[in-house]
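Just below is one structure, and these are the notes that go with it.
The values are calculated or read from the model by the stated rules, or taken from the named source; none is laboratory data. None of the values given here were measured: they were computed from a predicted structure. Note that each Cβ is placed from the backbone with ideal geometry, even for glycine, and that neighbours are counted across all protein chains shown. We work out accessible area using only protein heavy atoms, side chains counted, and drop any ligands, DNA or RNA first. Shrake-Rupley method; radii C 1.70, N 1.55, O 1.52, S 1.80 Å.
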Amino acid sequence: MDIIPCIKWVQRGVAKSIPDKVKLSEDELKRVIEETKDKIDLADDEDDDQEEEEEDENDMEEEDDSAKNKPNATSGGKRKHQEDEEEDIEAKYDLQDYDNDDEIDMLKGIGDLTYFASNEEDPYVTLKDEGDSDDEDFEIKATDNLILVAKAEKEFCCLEVYVYNEDLGNLYVHHDILLSSFPLALEWMNYDVGEDSPGSFVAVGSMEPVIEIWDLDLVDSVEPATVLGTKAKSKGKKQKKNDSHIDAILDLSWNSQVRNVLASASADCTVKLWDLSDGKPVTTITQHKDKVQCIKWSPSDPSSLLSGSFDKTVKVYDCRNPNQDCKSWALDGEVENVLWDRFNENNFYATTDKGYVFYMDKRAGKPVFTLSAHDEAVTGICQSSSVPGLLITTSTDKTMKIWDIQDNRPSSVLERNLKLNQLFCVDACPEAPFVFAVGGEKEIKVWDIRESAAVRKHFAPRAPVGVTMEGEGDIKEEMEQAMRDMMIDKEEEEDVNTLLGEGASLGPTPKKKKKKKKRKKGNKQN
(Lines give C-alpha, C1' and ligand atoms only; values in the text may rest on other atoms or scores of the structure.)
Protein backbone atom coordinates (compact mmCIF):
# COMPACT_ATOMS: atom_id res chain seq x y z
CA MET A 1 0.00 0.00 0.00
CA ASP A 2 1.28 3.47 -0.95
CA ILE A 3 0.97 5.85 1.99
CA ILE A 4 2.14 9.18 3.40
CA PRO A 5 3.28 8.17 6.93
CA CYS A 6 4.56 11.59 8.08
CA ILE A 7 4.52 15.30 7.17
CA LYS A 8 6.46 18.31 8.48
CA TRP A 9 6.13 22.03 7.70
CA VAL A 10 9.20 24.26 7.50
CA GLN A 11 8.85 27.91 8.44
CA ARG A 12 9.45 30.68 5.93
CA GLY A 13 12.78 32.34 5.41
CA VAL A 14 15.10 29.53 6.58
CA ALA A 15 15.76 27.84 3.24
CA LYS A 16 18.32 29.10 0.72
CA SER A 17 16.63 31.05 -2.05
CA ILE A 18 18.72 29.15 -4.60
CA PRO A 19 19.61 25.68 -3.23
CA ASP A 20 22.97 24.19 -4.16
CA LYS A 21 23.18 21.29 -6.60
CA VAL A 22 25.38 18.27 -5.95
CA LYS A 23 28.10 17.61 -8.50
CA LEU A 24 29.89 14.35 -7.79
CA SER A 25 33.44 13.76 -8.99
CA GLU A 26 34.28 10.50 -10.74
CA ASP A 27 35.84 9.06 -7.57
CA GLU A 28 32.84 10.05 -5.41
CA LEU A 29 30.41 8.57 -7.93
CA LYS A 30 32.42 5.35 -8.03
CA ARG A 31 32.40 5.14 -4.24
CA VAL A 32 28.62 5.66 -4.05
CA ILE A 33 28.06 2.99 -6.71
CA GLU A 34 30.26 0.51 -4.87
CA GLU A 35 28.56 1.18 -1.53
CA THR A 36 25.14 0.80 -3.14
CA LYS A 37 26.26 -2.41 -4.82
CA ASP A 38 27.44 -3.79 -1.47
CA LYS A 39 24.04 -3.01 0.09
CA ILE A 40 22.24 -4.69 -2.80
CA ASP A 41 24.52 -7.73 -2.62
CA LEU A 42 23.92 -7.99 1.13
CA ALA A 43 20.16 -7.81 0.61
CA ASP A 44 20.40 -10.42 -2.17
CA ASP A 45 22.42 -12.72 0.08
CA GLU A 46 19.76 -12.44 2.79
CA ASP A 47 17.07 -13.21 0.24
CA ASP A 48 19.07 -16.19 -1.04
CA ASP A 49 19.46 -17.52 2.48
CA GLN A 50 15.74 -17.24 3.03
CA GLU A 51 15.02 -18.98 -0.27
CA GLU A 52 17.44 -21.80 0.60
CA GLU A 53 15.67 -22.33 3.91
CA GLU A 54 12.32 -22.52 2.14
CA GLU A 55 13.76 -24.92 -0.42
CA ASP A 56 15.16 -27.19 2.30
CA GLU A 57 11.76 -27.36 3.93
CA ASN A 58 10.18 -28.51 0.66
CA ASP A 59 12.92 -30.93 -0.46
CA MET A 60 10.86 -34.05 0.10
CA GLU A 61 7.91 -32.71 -1.86
CA GLU A 62 10.12 -31.50 -4.70
CA GLU A 63 11.80 -34.91 -5.02
CA ASP A 64 8.42 -36.58 -5.38
CA ASP A 65 7.22 -34.02 -7.91
CA SER A 66 10.44 -34.18 -9.94
CA ALA A 67 9.97 -37.88 -10.65
CA LYS A 68 6.54 -37.20 -12.10
CA ASN A 69 7.38 -34.02 -13.98
CA LYS A 70 10.86 -34.81 -15.32
CA PRO A 71 11.42 -33.03 -18.66
CA ASN A 72 11.93 -35.32 -21.71
CA ALA A 73 14.33 -35.05 -24.64
CA THR A 74 11.65 -33.68 -26.93
CA SER A 75 11.07 -30.56 -24.79
CA GLY A 76 14.82 -29.96 -24.59
CA GLY A 77 15.10 -30.16 -28.36
CA LYS A 78 12.36 -27.56 -28.80
CA ARG A 79 14.13 -25.18 -26.43
CA LYS A 80 17.43 -25.60 -28.33
CA HIS A 81 15.73 -25.00 -31.68
CA GLN A 82 14.12 -21.78 -30.34
CA GLU A 83 17.49 -20.46 -29.12
CA ASP A 84 19.04 -21.13 -32.56
CA GLU A 85 16.25 -19.18 -34.25
CA GLU A 86 16.82 -16.19 -31.95
CA GLU A 87 20.56 -16.17 -32.76
CA ASP A 88 19.81 -16.27 -36.50
CA ILE A 89 17.47 -13.25 -36.17
CA GLU A 90 20.11 -11.25 -34.26
CA ALA A 91 22.74 -12.02 -36.89
CA LYS A 92 20.42 -11.29 -39.81
CA TYR A 93 19.33 -7.84 -38.59
CA ASP A 94 22.58 -6.98 -36.74
CA LEU A 95 20.68 -6.36 -33.51
CA GLN A 96 23.84 -6.62 -31.39
CA ASP A 97 25.24 -3.44 -32.99
CA TYR A 98 21.88 -1.68 -33.15
CA ASP A 99 22.82 0.89 -30.48
CA ASN A 100 26.31 1.47 -31.87
CA ASP A 101 25.36 3.30 -35.08
CA ASP A 102 27.24 6.50 -35.81
CA GLU A 103 25.48 9.64 -34.66
CA ILE A 104 23.93 11.73 -37.40
CA ASP A 105 25.58 15.12 -37.85
CA MET A 106 22.65 17.52 -37.90
CA LEU A 107 24.86 20.34 -39.28
CA LYS A 108 26.27 18.30 -42.19
CA GLY A 109 25.36 19.66 -45.63
CA ILE A 110 24.20 23.14 -44.60
CA GLY A 111 27.26 24.79 -46.18
CA ASP A 112 28.43 28.11 -44.85
CA LEU A 113 25.17 29.04 -43.09
CA THR A 114 25.81 30.86 -39.84
CA TYR A 115 24.16 29.47 -36.68
CA PHE A 116 23.97 30.80 -33.14
CA ALA A 117 23.77 29.12 -29.75
CA SER A 118 20.53 30.94 -28.88
CA ASN A 119 18.04 33.44 -30.28
CA GLU A 120 19.58 36.09 -28.01
CA GLU A 121 22.80 35.96 -30.07
CA ASP A 122 21.12 35.94 -33.48
CA PRO A 123 20.64 39.54 -34.75
CA TYR A 124 18.04 38.43 -37.32
CA VAL A 125 15.68 36.90 -34.76
CA THR A 126 13.37 39.46 -33.22
CA LEU A 127 11.53 37.01 -30.96
CA LYS A 128 13.94 36.37 -28.11
CA ASP A 129 13.89 33.42 -25.70
CA GLU A 130 11.65 33.85 -22.68
CA GLY A 131 12.82 33.04 -19.19
CA ASP A 132 12.52 29.40 -18.15
CA SER A 133 9.64 28.87 -15.75
CA ASP A 134 11.61 26.02 -14.17
CA ASP A 135 14.17 28.57 -12.97
CA GLU A 136 11.40 30.50 -11.19
CA ASP A 137 10.08 27.31 -9.58
CA PHE A 138 13.59 26.38 -8.44
CA GLU A 139 13.94 29.63 -6.49
CA ILE A 140 12.48 29.54 -2.98
CA LYS A 141 10.95 32.90 -2.09
CA ALA A 142 10.81 34.51 1.33
CA THR A 143 7.03 34.00 1.33
CA ASP A 144 7.31 30.26 0.59
CA ASN A 145 6.88 27.46 3.08
CA LEU A 146 8.45 24.05 2.55
CA ILE A 147 6.44 20.91 3.31
CA LEU A 148 8.45 17.73 3.91
CA VAL A 149 6.44 14.70 2.82
CA ALA A 150 7.63 11.14 3.45
CA LYS A 151 6.22 8.76 0.87
CA ALA A 152 6.32 4.96 0.83
CA GLU A 153 5.48 3.18 -2.41
CA LYS A 154 5.74 -0.42 -3.54
CA GLU A 155 9.04 -0.02 -5.38
CA PHE A 156 10.77 2.70 -3.36
CA CYS A 157 10.57 5.24 -0.53
CA CYS A 158 11.35 8.93 -0.83
CA LEU A 159 11.13 12.34 0.79
CA GLU A 160 9.38 14.95 -1.36
CA VAL A 161 10.11 18.61 -0.65
CA TYR A 162 7.06 20.70 -1.58
CA VAL A 163 6.92 24.47 -1.97
CA TYR A 164 3.71 26.15 -0.77
CA ASN A 165 2.87 29.83 -1.21
CA GLU A 166 -0.27 30.95 0.59
CA ASP A 167 -0.61 34.24 -1.29
CA LEU A 168 -0.33 32.69 -4.76
CA GLY A 169 -1.95 29.37 -3.89
CA ASN A 170 1.05 27.48 -5.35
CA LEU A 171 1.89 23.91 -4.34
CA TYR A 172 4.47 21.82 -6.20
CA VAL A 173 7.34 19.39 -5.61
CA HIS A 174 10.64 21.28 -5.60
CA HIS A 175 12.89 18.22 -5.38
CA ASP A 176 12.90 14.76 -3.82
CA ILE A 177 15.31 12.55 -1.90
CA LEU A 178 15.50 8.78 -2.32
CA LEU A 179 15.37 6.96 1.01
CA SER A 180 16.84 3.53 1.72
CA SER A 181 14.11 2.36 4.11
CA PHE A 182 10.44 2.85 4.99
CA PRO A 183 10.16 6.33 6.65
CA LEU A 184 8.38 6.57 10.01
CA ALA A 185 9.31 10.00 11.41
CA LEU A 186 10.45 13.44 10.20
CA GLU A 187 11.90 16.33 12.19
CA TRP A 188 13.18 19.63 10.83
CA MET A 189 16.27 21.12 12.49
CA ASN A 190 17.94 24.50 12.23
CA TYR A 191 21.28 22.95 13.16
CA ASP A 192 24.21 21.71 11.09
CA VAL A 193 25.51 18.55 12.77
CA GLY A 194 29.18 18.86 13.71
CA GLU A 195 29.40 22.47 12.53
CA ASP A 196 27.41 24.13 15.34
CA SER A 197 25.89 26.56 12.84
CA PRO A 198 22.38 27.29 11.53
CA GLY A 199 21.03 25.47 8.53
CA SER A 200 17.99 23.68 7.15
CA PHE A 201 18.10 19.94 7.78
CA VAL A 202 15.64 17.08 8.18
CA ALA A 203 16.18 14.07 10.41
CA VAL A 204 14.52 10.90 9.11
CA GLY A 205 13.59 7.89 11.26
CA SER A 206 12.83 4.62 9.50
CA MET A 207 12.59 0.88 9.89
CA GLU A 208 16.38 0.89 10.28
CA PRO A 209 17.92 1.59 13.74
CA VAL A 210 19.73 4.70 12.45
CA ILE A 211 18.78 8.36 11.91
CA GLU A 212 19.59 9.91 8.54
CA ILE A 213 20.07 13.69 8.43
CA TRP A 214 19.68 15.35 5.04
CA ASP A 215 20.62 18.89 3.99
CA LEU A 216 17.51 20.56 2.54
CA ASP A 217 19.60 23.29 0.90
CA LEU A 218 21.28 20.65 -1.27
CA VAL A 219 19.52 19.24 -4.33
CA ASP A 220 20.28 15.87 -6.00
CA SER A 221 21.89 14.41 -2.88
CA VAL A 222 22.56 10.68 -3.09
CA GLU A 223 23.52 10.22 0.56
CA PRO A 224 22.66 11.96 3.86
CA ALA A 225 24.83 14.69 5.36
CA THR A 226 25.35 12.45 8.37
CA VAL A 227 23.97 9.30 10.00
CA LEU A 228 23.38 8.91 13.74
CA GLY A 229 23.88 5.39 15.08
CA THR A 230 25.11 2.22 13.42
CA LYS A 231 23.54 -0.88 11.99
CA ALA A 232 24.42 -4.38 13.17
CA LYS A 233 26.37 -5.95 10.30
CA SER A 234 25.12 -9.44 11.03
CA LYS A 235 22.16 -10.95 12.84
CA GLY A 236 24.19 -12.36 15.70
CA LYS A 237 26.33 -9.28 16.34
CA LYS A 238 25.42 -7.03 19.27
CA GLN A 239 25.95 -3.29 19.20
CA LYS A 240 27.93 -1.44 21.81
CA LYS A 241 26.03 -0.37 24.90
CA ASN A 242 24.41 3.07 24.49
CA ASP A 243 25.81 3.30 20.95
CA SER A 244 22.62 3.10 18.93
CA HIS A 245 19.07 1.87 18.81
CA ILE A 246 18.63 -1.76 17.89
CA ASP A 247 15.19 -1.42 16.28
CA ALA A 248 13.14 0.97 14.15
CA ILE A 249 13.04 4.73 14.88
CA LEU A 250 9.38 5.61 15.48
CA ASP A 251 9.60 9.33 16.31
CA LEU A 252 12.03 12.26 16.53
CA SER A 253 11.95 15.60 18.35
CA TRP A 254 14.50 18.41 18.09
CA ASN A 255 15.06 20.72 21.07
CA SER A 256 14.84 24.20 19.56
CA GLN A 257 16.07 25.81 22.80
CA VAL A 258 19.08 23.55 23.31
CA ARG A 259 19.85 23.31 19.60
CA ASN A 260 22.39 20.50 19.71
CA VAL A 261 19.97 17.99 21.29
CA LEU A 262 17.77 15.55 19.37
CA ALA A 263 15.50 12.95 21.01
CA SER A 264 14.58 9.67 19.34
CA ALA A 265 11.92 7.09 20.22
CA SER A 266 12.34 3.49 19.16
CA ALA A 267 10.65 0.14 18.88
CA ASP A 268 13.43 -1.15 21.16
CA CYS A 269 11.42 0.43 24.06
CA THR A 270 13.97 3.22 24.69
CA VAL A 271 14.34 6.96 24.20
CA LYS A 272 17.78 8.34 23.35
CA LEU A 273 19.08 11.90 23.64
CA TRP A 274 21.69 12.72 21.00
CA ASP A 275 24.39 15.40 21.17
CA LEU A 276 24.43 16.66 17.59
CA SER A 277 27.76 18.43 18.08
CA ASP A 278 29.54 15.05 18.02
CA GLY A 279 26.75 12.82 16.67
CA LYS A 280 26.57 10.49 19.67
CA PRO A 281 23.88 9.57 22.22
CA VAL A 282 24.51 10.90 25.72
CA THR A 283 21.47 9.49 27.54
CA THR A 284 19.27 6.41 27.17
CA ILE A 285 15.84 6.46 28.87
CA THR A 286 14.44 3.04 29.74
CA GLN A 287 11.15 3.84 31.50
CA HIS A 288 8.73 2.29 28.99
CA LYS A 289 7.97 -1.43 28.83
CA ASP A 290 6.93 -1.51 25.16
CA LYS A 291 7.60 0.33 21.89
CA VAL A 292 7.95 4.11 22.33
CA GLN A 293 5.68 5.53 19.66
CA CYS A 294 5.97 9.30 20.13
CA ILE A 295 8.00 12.05 21.85
CA LYS A 296 7.89 15.85 22.08
CA TRP A 297 10.10 18.46 23.75
CA SER A 298 8.26 21.13 25.71
CA PRO A 299 8.24 24.46 23.81
CA SER A 300 8.67 26.38 27.08
CA ASP A 301 10.85 24.13 29.29
CA PRO A 302 14.03 22.89 27.52
CA SER A 303 14.53 20.05 30.03
CA SER A 304 10.98 18.64 29.85
CA LEU A 305 10.33 15.75 27.45
CA LEU A 306 6.99 14.00 26.80
CA SER A 307 6.66 10.42 25.51
CA GLY A 308 3.91 7.90 24.69
CA SER A 309 4.13 4.15 24.29
CA PHE A 310 2.40 0.95 23.26
CA ASP A 311 2.44 0.10 26.99
CA LYS A 312 -0.58 2.49 27.28
CA THR A 313 1.27 5.15 29.28
CA VAL A 314 2.46 8.71 28.74
CA LYS A 315 5.43 10.05 30.67
CA VAL A 316 7.02 13.44 31.32
CA TYR A 317 10.76 13.49 32.12
CA ASP A 318 13.08 16.05 33.61
CA CYS A 319 15.98 15.27 31.30
CA ARG A 320 18.55 16.47 33.81
CA ASN A 321 17.89 13.09 35.48
CA PRO A 322 15.28 11.38 33.27
CA ASN A 323 15.45 7.84 34.67
CA GLN A 324 14.74 9.13 38.18
CA ASP A 325 12.62 12.26 37.75
CA CYS A 326 9.65 10.94 35.76
CA LYS A 327 5.84 11.26 35.97
CA SER A 328 3.55 8.66 34.41
CA TRP A 329 -0.16 8.35 33.48
CA ALA A 330 -1.98 5.20 32.38
CA LEU A 331 -4.42 5.65 29.47
CA ASP A 332 -7.05 3.49 27.84
CA GLY A 333 -5.25 2.32 24.71
CA GLU A 334 -1.89 2.34 22.97
CA VAL A 335 -0.62 5.90 22.60
CA GLU A 336 -0.42 7.14 19.00
CA ASN A 337 0.58 10.81 19.41
CA VAL A 338 1.57 13.33 22.08
CA LEU A 339 1.44 17.12 21.77
CA TRP A 340 2.21 19.98 24.15
CA ASP A 341 -0.43 22.72 24.31
CA ARG A 342 1.26 25.78 22.82
CA PHE A 343 -1.17 28.04 24.72
CA ASN A 344 -0.73 26.38 28.14
CA GLU A 345 2.77 25.28 29.10
CA ASN A 346 1.59 22.77 31.75
CA ASN A 347 -0.86 20.87 29.55
CA PHE A 348 -0.53 18.31 26.76
CA TYR A 349 -2.60 16.02 24.52
CA ALA A 350 -2.31 12.26 24.00
CA THR A 351 -4.22 10.22 21.41
CA THR A 352 -4.84 6.47 21.38
CA ASP A 353 -5.57 3.64 18.99
CA LYS A 354 -9.15 3.47 20.35
CA GLY A 355 -10.08 6.91 18.99
CA TYR A 356 -9.69 8.97 22.18
CA VAL A 357 -7.97 12.29 22.84
CA PHE A 358 -6.81 12.85 26.43
CA TYR A 359 -6.07 16.39 27.60
CA MET A 360 -3.70 16.29 30.56
CA ASP A 361 -2.22 18.67 33.12
CA LYS A 362 1.27 17.51 34.10
CA ARG A 363 0.59 18.71 37.68
CA ALA A 364 -2.56 16.56 38.05
CA GLY A 365 -3.13 12.82 38.20
CA LYS A 366 -6.33 12.74 36.09
CA PRO A 367 -7.17 14.01 32.59
CA VAL A 368 -8.64 17.50 32.34
CA PHE A 369 -11.06 16.03 29.79
CA THR A 370 -11.38 12.94 27.60
CA LEU A 371 -12.72 13.30 24.06
CA SER A 372 -14.13 10.41 22.03
CA ALA A 373 -12.89 11.90 18.79
CA HIS A 374 -12.98 9.10 16.18
CA ASP A 375 -14.24 5.58 15.56
CA GLU A 376 -10.69 4.32 14.96
CA ALA A 377 -7.11 5.27 15.90
CA VAL A 378 -6.35 9.00 16.14
CA THR A 379 -3.27 9.06 13.93
CA GLY A 380 -2.69 12.81 13.83
CA ILE A 381 -3.23 15.84 16.06
CA CYS A 382 -2.13 19.46 15.81
CA GLN A 383 -3.09 22.97 16.91
CA SER A 384 -3.40 26.15 14.93
CA SER A 385 -0.22 28.21 15.08
CA SER A 386 -2.01 31.26 16.52
CA VAL A 387 -5.75 30.62 17.02
CA PRO A 388 -6.47 29.53 20.63
CA GLY A 389 -8.75 26.53 20.95
CA LEU A 390 -8.48 25.39 17.32
CA LEU A 391 -7.55 21.68 17.28
CA ILE A 392 -7.31 19.27 14.32
CA THR A 393 -7.44 15.47 14.48
CA THR A 394 -7.13 12.80 11.78
CA SER A 395 -7.88 9.11 11.86
CA THR A 396 -7.78 5.84 10.00
CA ASP A 397 -11.60 6.18 9.90
CA LYS A 398 -10.85 8.47 6.87
CA THR A 399 -12.06 11.68 8.51
CA MET A 400 -10.44 14.94 9.56
CA LYS A 401 -12.18 16.81 12.37
CA ILE A 402 -11.96 20.41 13.53
CA TRP A 403 -12.56 21.04 17.23
CA ASP A 404 -12.94 23.99 19.54
CA ILE A 405 -11.50 23.09 22.96
CA GLN A 406 -11.65 26.61 24.42
CA ASP A 407 -12.22 26.68 28.20
CA ASN A 408 -11.70 22.88 28.33
CA ARG A 409 -15.13 22.29 26.80
CA PRO A 410 -14.49 20.50 23.50
CA SER A 411 -17.05 20.85 20.72
CA SER A 412 -17.07 19.69 17.12
CA VAL A 413 -16.97 22.45 14.50
CA LEU A 414 -16.55 20.44 11.28
CA GLU A 415 -16.05 16.86 10.10
CA ARG A 416 -14.74 16.20 6.61
CA ASN A 417 -13.86 13.16 4.50
CA LEU A 418 -10.91 14.41 2.43
CA LYS A 419 -11.14 11.53 -0.08
CA LEU A 420 -7.64 10.34 0.85
CA ASN A 421 -8.88 7.06 2.35
CA GLN A 422 -7.15 6.38 5.68
CA LEU A 423 -5.40 9.44 7.15
CA PHE A 424 -2.02 8.99 8.81
CA CYS A 425 -0.69 12.44 9.74
CA VAL A 426 -1.46 16.15 9.97
CA ASP A 427 0.63 19.27 10.60
CA ALA A 428 -0.07 23.00 10.87
CA CYS A 429 1.52 25.76 8.80
CA PRO A 430 3.71 27.89 11.14
CA GLU A 431 2.65 31.22 9.63
CA ALA A 432 -0.88 30.61 8.26
CA PRO A 433 -3.19 29.83 11.22
CA PHE A 434 -5.91 28.18 9.13
CA VAL A 435 -3.74 26.12 6.74
CA PHE A 436 -3.03 22.43 7.43
CA ALA A 437 -1.38 19.58 5.53
CA VAL A 438 -2.82 16.07 5.76
CA GLY A 439 -1.28 12.82 4.58
CA GLY A 440 -3.31 9.78 3.55
CA GLU A 441 -3.00 6.95 1.09
CA LYS A 442 -0.80 8.01 -1.89
CA GLU A 443 -1.53 11.75 -1.65
CA ILE A 444 -1.38 14.84 0.54
CA LYS A 445 -3.88 17.65 0.84
CA VAL A 446 -3.10 21.21 1.89
CA TRP A 447 -6.34 22.74 3.07
CA ASP A 448 -7.18 26.29 4.11
CA ILE A 449 -10.07 25.51 6.42
CA ARG A 450 -11.48 29.02 5.95
CA GLU A 451 -13.14 27.52 2.87
CA SER A 452 -15.79 26.29 5.30
CA ALA A 453 -18.41 28.82 6.33
CA ALA A 454 -18.84 27.01 9.64
CA VAL A 455 -15.14 27.48 10.44
CA ARG A 456 -15.16 31.14 9.43
CA LYS A 457 -18.21 31.90 11.51
CA HIS A 458 -16.99 30.00 14.57
CA PHE A 459 -13.38 31.23 14.75
CA ALA A 460 -13.75 34.75 13.32
CA PRO A 461 -13.67 36.43 16.76
CA ARG A 462 -10.32 34.72 17.51
CA ALA A 463 -8.65 35.30 14.15
CA PRO A 464 -5.27 37.08 14.44
CA VAL A 465 -5.03 40.72 13.36
CA GLY A 466 -4.60 40.98 9.60
CA VAL A 467 -6.06 37.54 8.84
CA THR A 468 -9.19 37.88 6.72
CA MET A 469 -12.12 35.53 7.32
CA GLU A 470 -13.84 36.19 4.00
CA GLY A 471 -13.25 34.31 0.79
CA GLU A 472 -14.67 32.80 -2.35
CA GLY A 473 -16.23 30.09 -0.22
CA ASP A 474 -18.77 32.59 1.12
CA ILE A 475 -20.22 33.35 -2.30
CA LYS A 476 -20.11 29.70 -3.34
CA GLU A 477 -21.88 28.44 -0.24
CA GLU A 478 -24.48 31.24 -0.41
CA MET A 479 -25.25 30.35 -4.04
CA GLU A 480 -25.51 26.65 -3.18
CA GLN A 481 -27.86 27.41 -0.28
CA ALA A 482 -29.96 29.70 -2.49
CA MET A 483 -30.25 26.94 -5.09
CA ARG A 484 -31.30 24.46 -2.42
CA ASP A 485 -33.96 26.91 -1.14
CA MET A 486 -35.24 27.48 -4.68
CA MET A 487 -35.52 23.74 -5.29
CA ILE A 488 -37.43 23.27 -2.03
CA ASP A 489 -39.83 26.12 -2.86
CA LYS A 490 -40.33 24.78 -6.38
CA GLU A 491 -41.05 21.26 -5.14
CA GLU A 492 -43.54 22.56 -2.57
CA GLU A 493 -45.33 24.67 -5.19
CA GLU A 494 -45.54 21.71 -7.59
CA ASP A 495 -46.98 19.50 -4.84
CA VAL A 496 -49.65 22.10 -3.96
CA ASN A 497 -50.57 22.70 -7.63
CA THR A 498 -51.01 18.96 -8.09
CA LEU A 499 -53.43 18.86 -5.15
CA LEU A 500 -55.44 21.92 -6.39
CA GLY A 501 -55.79 20.61 -9.93
CA GLU A 502 -54.25 21.15 -13.31
CA GLY A 503 -53.72 24.81 -14.22
CA ALA A 504 -54.25 26.02 -10.67
CA SER A 505 -51.60 27.95 -8.77
CA LEU A 506 -50.97 29.04 -5.24
CA GLY A 507 -49.88 32.67 -5.01
CA PRO A 508 -48.36 34.51 -2.08
CA THR A 509 -51.51 36.51 -1.21
CA PRO A 510 -53.83 33.60 -0.35
CA LYS A 511 -50.99 31.98 1.62
CA LYS A 512 -50.60 35.09 3.79
CA LYS A 513 -54.34 35.39 4.35
CA LYS A 514 -54.50 31.78 5.45
CA LYS A 515 -51.75 32.32 8.01
CA LYS A 516 -53.46 35.47 9.28
CA LYS A 517 -56.73 33.64 9.90
CA LYS A 518 -54.92 31.00 11.89
CA ARG A 519 -53.36 33.62 14.14
CA LYS A 520 -56.77 35.24 14.82
CA LYS A 521 -58.28 31.91 15.67
CA GLY A 522 -55.52 31.23 18.08
CA ASN A 523 -56.02 34.58 19.78
CA LYS A 524 -59.68 33.86 20.34
CA GLN A 525 -58.88 30.54 21.98
CA ASN A 526 -56.43 32.25 24.31
Two-site FRET efficiency, S17 against L418, from Cβ-Cβ distance with R₀ of 25 Å, rounded to 0.05: 0.20
FRET efficiency, A454 to D361 (Cβ-Cβ, R0 35 Å, nearest 0.05): 0.75
Greater than 23 Å apart at Cα, pairs in K296/K366; K296/K457; K289/K327; K327/K366: K296/K457
Residue-wise HN-Hα coupling along the range 149-155, computed from phi with Karplus coefficients 6.51, -1.76, 1.60 (Hz; x: Gly, Pro): 10, 7, 10, 10, 10, 5, 8
Filter on K8/K445; K312/K354; K21/K442; K401/K445 - keep pairs with C-alpha separation over 23 Å: K21/K442
Computed lengthening from R342 to N190, 0.36 nm per intervening residue step minus Cα-Cα distance: 52.7 nm
Label point distance in nm, F182-E160, each placed 7 Å from Cα along Cα→Cβ: 2.0
The range 316-357 - percent of accessible surface contributed by carbon and sulfur, probe 1.4 Å: 34
Alpha-carbon centroids, the range 385-461 and the range 151-173: separation in whole Å: 19
log10 of Debye I(q)/I(0), alpha-carbon scatterers only, for the range 171-226 at 0.26 Å⁻¹: -1.16
Label-point gap, in nm, between K141 and D220 - each point 7 angstrom along Cα→Cβ: 2.6
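Suppose R0 equals 45 Å. What FRET efficiency, 1/(1 + (r/R0)^6) with r the Cβ-Cβ distance, do E376 and V282 give to the nearest 0.05?
Between E376 and V282 the formula returns 0.75.
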In the range 344-385, trypsin sites (Lys or Arg not before Pro) in a DSSP loop with at most 11 other beta-carbon atoms within 10 Å: R363
